[in-house]
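We did not get these values from a lab; they are worked out from the coordinates using the rules stated. Since the structure is predicted, the reported quantities are computational estimates derived from the model, not experimental observations. Neighbour counts are summed over all protein chains in view; Cβ atoms, including those assigned to glycine, are modelled from backbone coordinates with ideal geometry.
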């Protein structure tokens, strides 16, 4: 007896009221793929009737809703000679017992089918495969492989503060805060900021939605605000600062622009960002493509001025930061510590930016 396969593709969720959950509409499936027999087994009333039956009888398990489990379940069953449905089982599932149990239940309560026939007689029994998609309302779905599209927690923006750390001259330990020999690098945190617009993300799942590798792209702006009235001075090989006599500065910053690419291990509780708890850690590689100093204020004659100087300032072009990120839903916290010094070797003492702040995740 040859097997015949019925493929019904349903692109939205089949959801009825489950423990106070709302209805999700069911779009019509595409046309049935016919087999080699003259007449295939058919559901009473045809494809539209099959669609209505599933829509009216299937419910999205509460457990799967809370865990944001989505995807396509393949159910195999037999249509007997008298049209009865028998031997219902999961051919390919999602690893969620409640979803698989619901799919089996709905297929098992189907009314008798119109059995398949040959030219001369009824078929003894026909094996059928029925794919059923479980997709939560408003979520994306990849119809090619029947898997949910996992969202990362990178796209959006970060905003926070920047400080500098050095290697302690006495102990040799990182995270040093002693700038007594170079007081101009003891920057003002209130005027030192870090902003990043992360406009592209991709998550490669390792274990369902729970564990994956996140990458993407971002544009960053980092400003270091100087205390007192220091002016940056640089030559071909060095950079330092001296007290300026141009009057009290209102603004005095060193700003750089970067493009960033993260490589993070991400742990998350759901496939989508909405109502998801997440934690990620890894590295962020950056390329600094522009930098400048900005000073504004009043001179002794009361004249206002604004000075911009664009230069490399002997800064490193290629940067690498270690980072951690954690949060819930669209809100999170981040911290990054540079693994590469801010300036080129011998240009200045080894300085390592430390950034921390808040993040907002946005689904572009």
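Values for this structure:
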item: nm² value of the averaged projected area, convex hull over the Cα atoms of the range 156-361; result: 12.6
item: Residues listed by number, the range 200-218, amide nitrogen under 17 Å from residue 320 label point at 7 Å toward C-beta; result: none
item: Spacing of the two label points (7 Å from each Cα toward its C-beta) at residue 331 and residue 117, in nm; result: 6.6
item: Length released on extending from residue 250 to residue 238, taking residue separation times 0.36 nm less the Cα-Cα span; result: 1.7 nm
item: Part-to-part distance (alpha-carbon centres) for the range 282-334 and the range 154-220, which is given in Å; result: 11
item: Spin-label proximity, residue 190 to the range 212-240 - amide N less than 20 Å from point 7 Å beyond Cα toward beta carbon; result: 223-231
item: Efficiency of FRET between residue 283 and residue 344 - r from beta-carbon atoms, R0 22 angstrom, step 0.05; result: 0.60
